[in-house]
Amino acid sequence: MTPPTVAVVGGGQLARMMAGPATALGLHLRVLAEGPDVSAAQAVPDAPVGVPADVDAVLALVEGAQVLTFEHEHVPAPVLDAVAARGVPVHPTPAALVHAQDKAVMRRRLTELGVPCPRWAPVADLADLERFRDAAGGRAVVKTTRGGYDGKGVRVVGDGPVPADVVAWCAAAADGSGPALLAEELVPFTRELAVLVARTPSGRSTVWPVVESVQRDGVCAEVVAPAPDLDPATAAEAERVARTVADGLGVTGVLAVELFEVPGPDGAAPRVLVNELAMRPHNSGHWTIDGAVTSQFEQHLRAVLDLPLGDVAPVARWTVMANVLGSTLDDLTDALPAVLGADPGARVHLYGKAVRPGRKLGHVNVSGDDLEDVRARARAAAAVLRGERPGDGGTA
């Protein structure tokens, strides 16, 4: 008996967290790891070392595989074309993935689909940016169209002089030595939401409940599932938008749609605007590992293999995910006796990464019936893993 092989580009924590569901389903996971000791390589025995831009490494990865998928979007199109030429299915497809790789392509297509987005425009040079900023009320958000994530490649430009680094970006975009840019209006949102949808190549899809995502310095620090006090009409609209994006772009696998919640007109229900897309399991879905019948990682594997999708219903009234961003500890496992002893209900997920300031080292999920209790417990457990002593006042 030869189990189906799922090949994954990327050796980070997202690939690592596919290992458990793959084992449970009897699948063989093969991961292209950036080094022998990266997060996924510690959990996946079949983890050849290579980089996504190396077409030979990726072609070797997919030898005998039923599908190629990703834990990040940074894979050159020619490499994907070479895989497709070998007859190996790629999910999400290159035609869909480009919308997560290039923000300008994404904005154009979402606009065509009628998906609500912030006002935006491509920026060819500094003069373009100045014109957009004037039209958008004196402030704007500037983004590199490719390569940005977790707050990288994003700058807010206020009503004063354009920051020097943004001036440099504009000059590099104008002469072609740097990435293209786009500008977006600075949205006066009330909070950030996220919706995860899983879609199969045959078009079946499931949507998890809308969650609230709390950011710190451009990085997700906490997720509350479901989003508290969310108007039912807003929740329905967020789910409709997610399905529209998934179907309109032909996404296969898990798609994360990050949203701004903004006030509705004249007292109507709040509206949503699409902020970013990720075509893979996403930080805003880590709560599903312990808080939903089917986790985003199992569902992604099911989806890319075109298997029947699992139930996405929550298993508790509330689940809070708290990220562990940096630590004073050299080894986070040193904190396990304390964190597990203090709260046996806390579910700890560590990524096996070397400690660096602000780095995503793991997360904690806590579920229960009382939101404030669940939130406090998740934050307390994450604080212990960051090396903080009880009473230090650390929050997620």
Single residue of segment 247-267 satisfying the filter (more than 19 Å from PRO118 (Cα to Cα) and hydrophobic (A, V, I, L, M, F, W, C)) that is farthest from the chain's Cα centre (by Cα): VAL251
Matching entry among GLY368, GLY358, GLY291 (being at pLDDT below 95 and not β-branched (Val, Ile, Thr)): GLY358
Filtered residues of segment 1-47 (kept if in contact (Cβ under 8 Å) with a residue 60 or more places away in the chain, assigned to a strand (DSSP E or B) and aliphatic (A, V, I, L, M)): VAL6, ALA7, VAL8, VAL9
Conditions (1) surrounded by 16 or more Cβ atoms within 10 Å (Cβ to Cβ); (2) assigned to a loop (DSSP other than H, G, I, E, B); number of the one not met by LEU301: (2)
Sole residue being over 30 Å from ARG302 (Cβ atoms) and either in contact (Cβ under 8 Å) with a residue 60 or more places away in the chain or of a type in the set (A, V, I, L, M) (or both), chosen from ARG133, ARG191: ARG191
Selection status of PRO21, modelled with pLDDT under 95, of a type outside the set (S, T, N, Q) and farther than 16 Å from HIS72 by Cα: no
Residues that are over 21 Å from the mean Cα position of the chain (by Cα) and not in a strand (DSSP E or B), drawn from segment 359-374: ASP369, ASP370, LEU371, GLU372, ASP373, VAL374
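The values are calculated or read from the model by the stated rules, or taken from the named source; none is laboratory data. Because the structure is predicted, anything quoted here is derived from the model rather than measured. Positions of Cβ are generated from backbone atoms using ideal geometry, with glycine treated the same way; all protein chains shown enter the neighbour counts.
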